Amino acid sequence: MKAPHALLLLFMCSHLAHAAAPAKPPPGPAAVMPFRNLNTDTSLDWLARGMTETLISDLRASGRIQLVEREQLDAALAELDLQERKQSTESTAVRVGRLVGARTVVLGSIQRAEQQVRINARFIDVETGVVLDTAKVTGPVDRIFSLQDQVAARLIGSPVKPRAKRPSGREAVLALETYGRALQAPTEDERAWLLRATLAGSPSFEYAREELSRLEKRLAEHALRATPGREAADAELRAMMLDPQRASEERSSAALRLLDANYIRGRWRTLVQDTERVLPLGLPLYQLRLPAETALWFRIIALGKLDQLDAARDAGDTFLRTYPQSLMADGVDSMMRASALARAANEQSHKAMIEGLATEELLFARRIEELERKGQPTVSVRMERDYNRCFKPATHHVNAQTLVACRAFYDTWGGGASAIEKTYARNAREAEIAALVRLRRYNEARERLAAYRAIDPNGEQASVARVLVVNIRASDEE
């Protein structure tokens, strides 16, 4: 018999055998050690890492046991050598528990064989080193969260309430895999990208949302601490660039460094402003780069990012007239052609939307007139009409019209009573928030999301709008 099939048979024979949960949880605070992947295939490390964090999240949400914070635990684990971290023995767990002030340590492992998974956990008293209890569960991998609930219930002594709208089946496995790989990511940017990917595939995956929220908060704090120094450095470069008493090469160097810094950070509005400062200075070539030429190039890019397409086109025309022999001329020409095609397509789409909306307005007017003539209620048709006024521009990204029509819809019709009415109201709020994000009006988007949460917390929790707002990076704001 092949080893994987033998292991699978062993799993199935021992399926879900464990005793009743204890009457009360062990003494806290408790430290949940990283679960070990018992498979020889290290590509499955995401399974152990992901399940460790989702278990911690559920235990914390239960309110039944105090947990050691992850930062404390990570700091203690960093004091161990590599071999100790890999082994995760009971003596190692007790040592870590003492370092972080825990009274109980959870030590566990996870093992997968084909479509079955086994989770083992031991609860260890830090003071005595005695194993207080064990939990062993086995089942299909696509029921991973149900199995995890059994381990958590064993630890806290009562059933765990499953997270609302938690994914199941194949979606659960995919979400956990992307989430687990995010936790293993070597950089915070890669971690954030993978967490966003998790939420894109499973918007209700609260574990990823919580982790992304913590990460975004930490990154924002880093950016906030870095802002004064960064702003001071930028101000110094501007002063150097504008000081006629300094050497020309020094001024050119300062101008180029300032433009590069704003481009790298994606600070498009600031970049546009700094190009306006650089262009009239007539600074000389520095290390084969001309500041005015570089400023125009960055100006075209920044205006395009800000959707100021007319201004970007004018800047492109100026560049090609001024620097026809530039190595960047072909790139500018390509950007302008692409922009012109996109503009034409947008204008055609916008025109079609306006014409379609006008035709539909006439149809709605006839339906309402016919109902009134028959003495029948027109409320549902008027609601459908108002929703169409919101939905059409939203799908075509006509942001200004979307903001007016969608706000008018939910101000007029409220949250709705029937299922379809609630769907209309939720879609209108989401369309408004999405338009605000596209317009980079981030504070307003946050305010509207908060208002949505206050009116309809269930709708807000499962909304795409929430993902859009959560995913606003600190570098997106100026």
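Determine which member of the set GLU216, GLU231, GLU190 is more than 21 Å from the chain's Cα centre (by Cα), among the acidic types (Asp, Glu), assigned to a helix (DSSP H, G or I) and closer than 30 Å to ARG257 by Cα.
It is GLU231.
All but one of (1) under 37 Å from the mean Cα position of the chain (by Cα); (2) under 30 Å from ARG269 (Cβ atoms) hold for SER326; which doesn't?
Unmet for SER326, out of (1) under 37 Å from the mean Cα position of the chain (by Cα); (2) under 30 Å from ARG269 (Cβ atoms): (1).
Which of the residues that make up region 1-54 are under 16 Å from ALA135 (Cβ atoms), in a helix (DSSP H, G or I) and modelled with pLDDT of 75 or more?
Matches in region 1-54: ALA48, MET51, THR52, THR54.
Can you report the number of residues in region 166-187 which are without any contact (Cβ under 8 Å) to a residue 40 or more places away in the chain and not in a helix (DSSP H, G or I)?
The qualifying residues number 5.
Which ones in region 109-126 are out of contact with any strand residue (DSSP E or B) (no Cβ under 9 Å at 6 or more places or on another chain) and either assigned to a strand (DSSP E or B) or outside the structural domain of PHE145 (by TED's automatic domain parsing) (or both)?
Within region 109-126, just ALA113 meets the criteria.
Within region 422-430, can one find any residue that is surrounded by fewer than 21 Cβ atoms within 10 Å (Cβ to Cβ), modelled with pLDDT under 95, of a type in the set (Val, Ile, Thr) and over 27 Å from the mean Cα position of the chain (by Cα)?
no
Considering region 305-314 alone, what residues qualify as being in a helix (DSSP H, G or I) and within 34 Å of the chain's Cα centre (by Cα)?
Within region 305-314, LYS305, LEU309, ASP310, ALA311, ALA312, ARG313 qualify.
Being under 22 Å from ARG214 (Cα atoms) and either surrounded by fewer than 22 Cβ atoms within 10 Å (Cβ to Cβ) or modelled with pLDDT of 85 or more (or both) is the requirement here; does VAL464 meet it?
Answer is yes for this residue.
For residues that are polar (S, T, N, Q) and part of a loop (DSSP other than H, G, I, E, B), scanning just region 193-213, find the one that is surrounded by the fewest Cβ atoms within 10 Å (Cβ to Cβ).
Per the stated criteria, the residue is SER204.
Taking only region 152-165 into account, find how many residues are assigned to a loop (DSSP other than H, G, I, E, B) and β-branched (Val, Ile, Thr).
The total comes to 1.
Name the one entry in LEU403, LEU362 that is assigned by TED's automatic domain parsing to the domain that holds TYR452 and not hydroxyl-bearing (Ser, Thr, Tyr).
LEU403
Scan region 127-151 for residues that are free of Cβ contacts under 8 Å to residues at least 60 places away in the same chain and either farther than 21 Å from ARG103 by Cβ or in a loop (DSSP other than H, G, I, E, B) (or both) and report the count.
Residues meeting the conditions: 10.
Just one of (1) of a type outside the set (Gly, Ala, Ser); (2) surrounded by 19 or more Cβ atoms within 10 Å (Cβ to Cβ); (3) modelled with pLDDT under 85 trips up VAL126, so point out which.
(3)
Filter region 236-282 down to the residues that are part of a loop (DSSP other than H, G, I, E, B) and of a type in the set (Gly, Ala, Ser), then identify the one that is farthest from the chain's Cα centre (by Cα).
This residue is ALA247.
Please give the number of the condition GLU347 fails out of (1) over 30 Å from the mean Cα position of the chain (by Cα); (2) at pLDDT 90 or above; (3) on the phi < 0 side of the Ramachandran plot.
The one condition GLU347 does not meet is (2).
The values are calculated or read from the model by the stated rules, or taken from the named source; none is laboratory data. Treat the numbers as computed from the prediction; the structure is a model and nothing was measured. Cβ coordinates were reconstructed from backbone atoms using ideal geometry, including for glycine residues, and neighbour counts include every protein chain displayed.
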